[in-house]
Amino acid sequence: MLVSIDTQRMQGANGLDYSIYDMVDTPVFVLVGDQRDRPVFDFLNRSGRTLLGLSLPDVVGKAVHEILDGRAAYAVYRQHLKAWRAGETVEFETALPMGESVMWFRTSLVASHDDNGTLLRMVGTSYDISAEYALLHQDAMTAAATREVEDLVCLCAHDLRSPISDLKSLAHLMRHDFVDHGDGKLELIDVIDDLADRSLSIISETMSQVMARAEQTSLRQIDLGAICDDIVVLLDPSRQHSVTYPRCVVEADLTAVQIILRNLIEHALKHSGADATRVDVGAEQVNARRLALTVRDHGGGFDAWAEGRAEGPPFDDVFALQVVMRLVRARGGAFFVDAPTEGSGTEIRVELPGRILHDAEEHLRAG
């Protein structure tokens, strides 16, 4: 029986027919192990091939970093390799530069084993979550700005308590030994005292409502290395700079960590004063419930801050840092700028609720 060329192309190395995946209107692919037990493509459906502008022979038998260029391909390959070695169904999110834009994908890899438990293949499905990702970050920034306004209202209400309490005390002193001449002044003092009581009650109620509305920080398990992979892919796709970061798992606010690291790394790359620079990202445990993230560049640094630690940014271009500071403050954290004890550059340190769950005690170097 003769098999057409098109049919052969829809069959994997084990003869399975993958043509049904071409009916799915989202990228679907199949990974199998090569001779070195690397996860390589056995198939990529029509939707995926159209998205990447590739043909099926372009991808079959190759790992993702052998098909695509740049940091993004290596970041995705690390996720494929990690899942393949674990041999378990996993889900992860990655960024891929597509022309002038960047698309975010949520990929699910489903493991398939034989009767003996040997991993045969993994079927992957990638969904475009670019709009969801942008909305998530916008919601986080809106929530942070709202929290900042609420904090200001709470602070103002707190500051008003003291003068109003003084007004009430003054009314009490005026009433003491006051001789009532029937001209209504005693009643006026009582009105002042009553207004002070009602004002204090309104202030207390306002503060209670603001504190009740305050959103609790949601902590979840985060692969810090994978997040840094995506950020470096976005900020330095041409591998011009050298960025090191830890391969560890932490428990923290995912959205806050993403936005903070994105802005701090971008700021370090832009303001190091060199076309190519080195940036080091670090994570450490401050105490049982507090995590510190640091981003240090090896550029010119800030002369005004050479003497030590200070709270707040010492630079004119502060938009990115204002974003970070707003998020940090909204989550009860702290923001510091340090001059490194050795060498040149600047180190920015952010402390947030969280903890290190697993530290691989190694740093990945990108670039």
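The values are calculated or read from the model by the stated rules, or taken from the named source; none is laboratory data. These numbers were taken from a predicted model, which means no experiment stands behind them. These area figures cover heavy atoms from the full protein model, side chains too; ligands, DNA and RNA do not enter into them. Shrake-Rupley method; radii C 1.70, N 1.55, O 1.52, S 1.80 Å.
Numbers at a glance
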| item | result |
| --- | --- |
| Contour excess over end-to-end distance, with Cα ends at D166 and D115 and 0.36 nm allotted per residue | 10.3 nm |
| Vicinal HN-Hα couplings computed from phi for the range 18-35 (Karplus, 6.51 cos²θ - 1.76 cosθ + 1.60; Hz; Gly/Pro x) | 9, 4, 5, 5, 5, 7, 8, 8, 7, x, 10, 9, 10, 10, 10, x, 8, 5 |
| Surface accessible to a 1.4 Å probe, per residue, for the residues of the range 21-144, Å² | 51 Å² |
